[in-house]
Amino acid sequence: MTRQHLAISRLVTLSLTCAALFSGAAWSQTAAPLRTGVDATFAPHAMVKLDGGLQGFNIDLGEELAKRLGRKIVIEGTEFSGLVPGLNAKKYDFILAPVTVTPERAKAMLFSEGYLDTDYTFVIKKGAAPIKDLQDLKGKTIAVNKGSAYESWTRDNMAKYGFKYDVYGNNADAVQAVQSGRADANLAGNTVAAWAAKQNPAVQTTYTDKTGLVWALAFRLDDKAGREAAGNALKCMKLDGTVGKLANKWFGFTPAADAAAMKTAVGQGVEGLDGYDASPAKPVCAKV
């Protein structure tokens, strides 16, 4: 490559970078409030307060995100099934509810980097023998929430590991089955399991099965500016410990240094999936 070609290449790269920064800045400086939605029944990520309004990990996350972007935020509680159609119809600017990033979803939406790992955790009665690995499930009864990913997992793995499972209408009833002795363990998401143990001293968490999956903020495929602006703020919230503190507040645990809540991605998005931008995205953080 000649010096002239190299200079032109660098100029093009610089122009694209400046354009991305400008569009991100424009997205964050608009006066209109951010509009988003959550499943308000998914405790402790989002739930209705007794005196009205919403609370939970994702509510705090969204409000802090909007604060750092200099915008107000309107968070609507709705059914999870209505969130993606609402995003595509431009009713929402992004989806604040936990969305598991999968290859299929990455083809249809643009994701920020992950802000939490989403793994499978077992809940047992306080003082019961811990589950050290999946082989320990042999002969046990597992309680799961009907229609959940955890019901699917138990159905697919019961023969392999030699356990049986019972299905309950909601996860609270599944935890109650463990507490009363009708089941040996409850299987749920790691954050939901941690919340159950935090709220109920009669149970405790035990073995966690790592999935390698994360939850991330979801944007429309054409909204790179929104993803860049929110992604920058999210990186800053990780670096100053805000996301970790919210995890401790709502789930009762401090994420490990290599957890999604603490580790920032080099670029924007979830590495290895569609929509990931590997260009180094060094966060620009204001003092908080």
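The values are calculated or read from the model by the stated rules, or taken from the named source; none is laboratory data. It should be emphasised that the depicted structure is a prediction, and the values quoted were computed from it without experimental measurement. Note that we place each Cβ from the backbone using ideal geometry, even for glycine, and neighbour counts take in every protein chain shown.
Residue-by-condition table, conditions (1) among the acidic types (Asp, Glu); (2) surrounded by 23 or more Cβ atoms within 10 Å (Cβ to Cβ); (3) closer than 13 Å to ALA218 by Cα; (4) out of contact with any Leu (no Cβ under 7 Å at 6 or more places or on another chain):
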{"position": "ALA46", "(1), (2), (3), (4)": "no, yes, no, no"}
{"position": "GLY52", "(1), (2), (3), (4)": "no, no, no, yes"}
{"position": "LEU61", "(1), (2), (3), (4)": "no, yes, no, no"}
{"position": "ASN88", "(1), (2), (3), (4)": "no, no, yes, yes"}
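Yes or no: ALA188 at pLDDT 95 or above, surrounded by 22 or more Cβ atoms within 10 Å (Cβ to Cβ) and either over 22 Å from LEU65 (Cβ atoms) or touching a helix residue (DSSP H, G or I) at 6+ places or on another chain (Cβ under 8 Å) (or both)?
Here the answer is no, as ALA188 does not meet what is asked.
How many residues are farther than 16 Å from ALA159 by Cβ, surrounded by 10 or more Cβ atoms within 10 Å (Cβ to Cβ) and not basic (Lys, Arg) when one looks only at segment 123-134?
Total satisfying the criteria: 6.
Tally up the residues in segment 225-249 that are without any contact (Cβ under 8 Å) to a residue 40 or more places away in the chain and either under 17 Å from GLY86 (Cβ atoms) or of a type outside the set (S, T, N, Q) (or both), please.
3
Only one residue in LYS210, LYS245, LYS224 is out of contact with any Phe, Trp or Tyr (no Cβ under 8 Å at 6 or more places or on another chain), modelled with pLDDT of 95 or more, of a type in the set (D, E, K, R) and over 13 Å from PHE111 (Cα atoms), so which one is that?
Just a single option satisfies the conditions, and that option is LYS245.
Looking at segment 135-145, can you tell me whether even one residue there is touching a Lys or Arg at 6+ places or on another chain (Cβ under 9 Å), farther than 26 Å from ASN200 by Cα and surrounded by fewer than 17 Cβ atoms within 10 Å (Cβ to Cβ)?
no
Residues that are touching a residue at least 12 places away in the same chain (Cβ under 8 Å), touching a Ser or Thr at 6+ places or on another chain (Cβ under 7 Å) and of a type outside the set (Val, Ile, Thr): which helices (runs of 4 or more DSSP H) entirely in segment 109-224 hold 1 or more of them?
190-199
Being under 16 Å from the mean Cα position of the chain (by Cα), modelled with pLDDT under 95 and assigned to a strand (DSSP E or B) narrows it down to one residue among PRO98, PRO44; which is it?
That would be PRO98, the only listed residue that is under 16 Å from the mean Cα position of the chain (by Cα), modelled with pLDDT under 95 and assigned to a strand (DSSP E or B).
THR102 versus (1) of a type in the set (Ser, Thr, Tyr); (2) closer than 25 Å to ALA256 by Cβ; (3) surrounded by 14 or more Cβ atoms within 10 Å (Cβ to Cβ): which is the lone unmet condition?
Status for THR102: all satisfied but (3).
The conditions are (1) more than 19 Å from the chain's Cα centre (by Cα); (2) more than 28 Å from SER152 (Cα to Cα); (3) crowded, with 19+ Cβ neighbours inside 10 Å, and THR205 fails exactly one of them. Which is it?
So THR205 meets the others, but not (2).
So how many residues does segment 246-261 have that are of a type outside the set (Gly, Ala, Ser) and surrounded by 18 or more Cβ atoms within 10 Å (Cβ to Cβ)?
4
What number goes with the only condition from (1) under 22 Å from ASN58 (Cβ atoms); (2) modelled with pLDDT of 90 or more that PRO201 does not pass?
In the conditions (1) under 22 Å from ASN58 (Cβ atoms); (2) modelled with pLDDT of 90 or more, PRO201 misses (1) alone.
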